[in-house]
Amino acid sequence: MQYIISNATPLIYLAKADQLSLLHEMFETIFIPDAVYSEVVIHGKNKGENDAFRIEGAVKDGWIVVKKVKKICDIELSIHPGEVEVISLAREMAIKVVLVDDTKARIAAELAGLRPKGTLWLLLNAVKGKILDFDRFLIVLEDIVKSGFYLKEEVFLKAVHQAKTLYEKA
């Protein structure tokens, strides 16, 4: 998979953990719609968030590409405008996989015929692809959780178990 469309949350928490480069190691280009750029960079910089400057740097470097959405899809679930634009852009560009963490947005993406994946999926695939070893996975996971990324305890433990299994198979 060379391309993916991302919502704000994965970008923000990977950047907070100083792991935004994982995305670049896994995908040639990450597309984000205008609403996501506005949320993570414009509003983030106004709040003085360091992650906003890291994301802006990736945009300037050209591996995160901001795209204008031509047609907004009608989605029945009430989700954030950035999530609506992510789904709309994915359908417009015929990219099936979208990076979103919010449950409602994931359901909306599925209803739109897309394959939603989240930040944990990304980290686990980094282990599977030998981009992260198990110890580094634990550090990154802990860093994003400390930064405010919400995970239920059982999901956290399941992810750790899965990462350990993937690492041992690699």
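The values are calculated or read from the model by the stated rules, or taken from the named source; none is laboratory data. Given the structure is predicted, the values throughout are model-derived calculations rather than measurements. Cβ coordinates were reconstructed from backbone atoms using ideal geometry, including for glycine residues, and neighbour counts include every protein chain displayed. Note: areas computed on protein heavy atoms with side chains; ligands, DNA, RNA excluded. Shrake-Rupley method; radii C 1.70, N 1.55, O 1.52, S 1.80 Å.
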- Of the residues in region 88-104, those that are more than 15 Å from the chain's Cα centre (by Cα) and among the acidic types (Asp, Glu) come to Glu92
- Item | Residues of region 42-58 satisfying the condition of being assigned to a helix (DSSP H, G or I) and either in contact with a strand residue (DSSP E or B) (Cβ under 8 Å, 6 or more places away or on another chain) or open to solvent by 40 Å² or more (accessible area, probe 1.4 Å) (or both) | Ile42, His43, Lys45, Asn46, Asn50, Phe53, Arg54, Ile55, Ala58
- Task: Please verify whether region 27-41 includes one or more residues that are part of a helix (DSSP H, G or I), open to solvent by 20 Å² or more (accessible area, probe 1.4 Å) and of a type in the set (A, V, I, L, M).
- Result: yes
- Note on the structure: Counted residues in region 40-60 being free of Cβ contacts under 8 Å to residues at least 40 places away in the same chain, of a type in the set (Val, Ile, Thr) and within 27 Å of Leu114 (Cα to Cα) come to 3
- Contact list, first residue from region 1-25 and part of a helix (DSSP H, G or I), second anywhere and open to solvent by 20 Å² or more (accessible area, probe 1.4 Å) and polar (S, T, N, Q), beta-carbon distance below 7 Å, six or more apart or interchain, is Tyr13/Ser147; Lys16/Ser147
- Query: For region 61-170, which helices (runs of 4 or more DSSP H) that fit wholly inside it have 1 or more residues that are basic (Lys, Arg) and without any contact (Cβ under 8 Å) to a residue 40 or more places away in the chain?
  - Reply: 81-93, 103-111, 134-146, 153-169
- Item | Verdict on Asp61 being at pLDDT 95 or above, open to solvent by 30 Å² or more (accessible area, probe 1.4 Å) and over 26 Å from Leu111 (Cβ atoms) | yes
